[in-house]
Amino acid sequence: MWRWYDRIEEWLAIALLGGTSLTMLASSTARALGQPFAGGAELAQFLFIWTAVLGADITLRRGGQVRIDALAVRLPLPLQRLVTSFCLLLMMLFLALLVWHGFPLALSNWQRPMGVAGLSYGYITLALPVGATLMMVSLVRRIIAQGILGSLVADDEIVEETL
């Protein structure tokens, strides 16, 4: 089941990125021809925001998030586990806050139009809680599959050398 979920999310992110590029190409080409594409920039913004949210979840699911572990890796294993657990707890709490406050924000923006495109601004603000929910699912999946210590390590971990 997760394999299909992951593939659908990746294909959707690719399609949204392609849609962003095509929208900007069409908008700039139409403007150059003297027939501006009304709402092109707003539509591209909408597509790009959702692309970024899905891309952030895909990155988190693969363990590619930014991390600084120069000190943590030098700690004894039980302390590493404690520090990593604390970081995971903070991440989950932050994402939960985004979900908790994001859905009411999206609902309150539903009647607000987005520029000349006519789309509801709620579609853009909905990206925040949906993305945070997806990231919470990804974190839980990583913790179950990789364990506490491996949950924040990239799947394609490259051994770094100290300078």
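The values are calculated or read from the model by the stated rules, or taken from the named source; none is laboratory data. Predicted model, so just to flag it, every value in this text is computed and none were measured. All Cβ positions, glycine included, derive from the backbone under ideal geometry; neighbour counts span all protein chains shown. To get the accessible areas, we keep the full protein, side chains included, count just its heavy atoms, and leave off ligands, DNA and RNA. Shrake-Rupley method; radii C 1.70, N 1.55, O 1.52, S 1.80 Å.
Of note:
- Among the residues of the stretch 28-51, those that are open to solvent by 30 Å² or more (accessible area, probe 1.4 Å) and in contact (Cβ under 8 Å) with a residue 24 or more places away in the chain comprise 38, 41, 42, 43, 45, 46, 48, 49, 50.
- Tally of residues being open to solvent by 40 Å² or more (accessible area, probe 1.4 Å), closer than 26 Å to residue 10 by Cβ and in contact with an Asp or Glu (Cβ under 8 Å, 6 or more places away or on another chain) across the stretch 107-134: 1
- Answer residue from the stretch 52-92, given it is of a type in the set (S, T, N, Q) and either open to solvent by 40 Å² or more (accessible area, probe 1.4 Å) or out of contact with any helix residue (DSSP H, G or I) (no Cβ under 9 Å at 6 or more places or on another chain) (or both) and is farthest from residue 156 (Cα to Cα) among those: 85
- Here 25, 12 are screened, and the one residue that is part of a helix (DSSP H, G or I), open to solvent by 40 Å² or more (accessible area, probe 1.4 Å) and more than 21 Å from residue 138 (Cα to Cα) is 25.
- Every condition in (1) more than 28 Å from residue 17 (Cβ to Cβ); (2) touching a residue at least 12 places away in the same chain (Cβ under 8 Å) holds for residue 146 except the one numbered (1).
- Filter result (polar (S, T, N, Q) and either at pLDDT below 90 or in contact with a helix residue (DSSP H, G or I) (Cβ under 7 Å, 6 or more places away or on another chain) (or both)) within the stretch 105-161: 109, 111, 120, 125, 133, 138, 146, 151
- Pairs, first without any contact (Cβ under 8 Å) to a residue 24 or more places away in the chain in the stretch 75-95, second in a helix (DSSP H, G or I), C-beta under 7 Å, six or more apart: 75/83; 83/72
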